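Please treat every number below as a calculation from the coordinates, not as lab data. If you're wondering where the values come from, they're calculated on a predicted model, not measured in any experiment. No Cβ is skipped: glycine too gets one built from the backbone with ideal geometry, and neighbour counts run over all protein chains shown.
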Amino acid sequence: MRIVTHGGTAHRDEFLACCIVLNQPGSWDEPVIVRRAPAADDLADPGIWVLDIGGRHEPELRNFDHHQLERNAPAICAFGQVFEHIGLLDKAREVFPWLEPSMQADVHGNNVMAHTLGVTPAAIRAFASPLEEYLLKLFAGIKELRGDAPLLAVMRAMGRRLLEDIDAISIRRDWLAAHGRICVTPAGQRVFAVLDDRLQEPGLGLEAYLETLGDIAACIMPDTRGPGHALTRLGDDNPKIDFQRIAGDQRVGFIHATGFMAVTRIPLPAAELFALVDRAQIGQLKKR
């Protein structure tokens, strides 16, 4: 397998597109990534993937570029085009909340993306990932990747995990719907609870699923580090709960300093867990 993508400054779009392509059929047959302008022969050869460069979107020839699209065309980058080509774009949009903003940023720039998200461009810059920046600088400094190059192994692993997560998160959301329940505490707070089943990677797909449930005050899940339950406040932009209000309760082993979560020492009945959430509600009397 041969991949051609542009040289110079590296961007998230081309990097992630390469990661996905490295996990397509035939990718184990001596994969090579070349960072340069494509030749006419590259664009005409369906055995060569040309990503984020070349001015063509021709899936049958493995050419995936978006720069030639009309200004008002729907925002889709080379990464999204590859997902679309392998039939996973719709599912990827469902499970990856970062995908749409990422495509907006690549096609229209960070300012448009910030406006779409309702934040300032400065906020976007403040949350830039140093890990991403480092990986992209490594990628930008290499003209050709092949064989057992460490960065090639990392990119393949990242692409594999992205593809696995699309199925895993979809399955997890179905599992949460079947095994979790929405309960109303005595004080009238809506709580999502999974009380008995312990999960590997309990956070996988959880936030995206909770967003579909509307106004949920807290989430109760089995603790990943001990036998008890983890109680987590939701809606930090307008907090209704501060678990510091239950400090001193002997059933509680840990409370985060900011009050957004607490962990019980042992498994507790649902009624006791709901009572702890109610006692942490701002506006309720603090009891010991």
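What order do you get for ARG156, ARG146 when you list them from fewest to most C-beta neighbours inside 10 Å?
ARG146, ARG156
Hey, got the dipole for the range 84-228? About the Cα centre, +1 on K and R Cβ, -1 on D and E Cβ, debye to the nearest 20?
Once rounded to the nearest 20, the dipole reads 260 debye.
Taking neighbour counts of Cβ atoms within 10 Å as a proxy for exposure, in what order, fewest first, do SER170, SER102, SER129 appear?
If I rank by nearby Cβ atoms, fewest first, I get SER129, SER170, SER102.
When averaged across all projection directions, what area in nm² does the alpha-carbon convex hull of the range 180-279 cover?
Mean projected area of the Cα convex hull: 5.9 nm².
Want the number for ASP174 to ILE86: 0.36 nm per residue separation, take away the alpha-carbon distance, what's left?
The span from ASP174 to ILE86 would gain 29.4 nm if fully extended.
Between ASP215 and GLN68, what length comes free when the chain is fully extended (0.36 nm per residue of separation minus the Cα-Cα distance, one decimal in nm)?
In short, 48.7 nm is gained.
Antiparallel DSSP bridges in the chain: what percent, to the nearest 5?
Restricted to the chain, the bridges split so that about 60 percent are antiparallel.
At 7 Å along the Cα-to-beta-carbon direction for both ALA122 and ASP29, put a label point, then send me their distance in nm to one decimal.
In this crude spin-label approximation the distance works out to 5.4 nm.
Report the FRET efficiency, 1/(1 + (r/R0)^6), for GLN244 and GLU132, where r is their Cβ-Cβ distance and R0 is 35 Å, rounded to 0.05.
0.55
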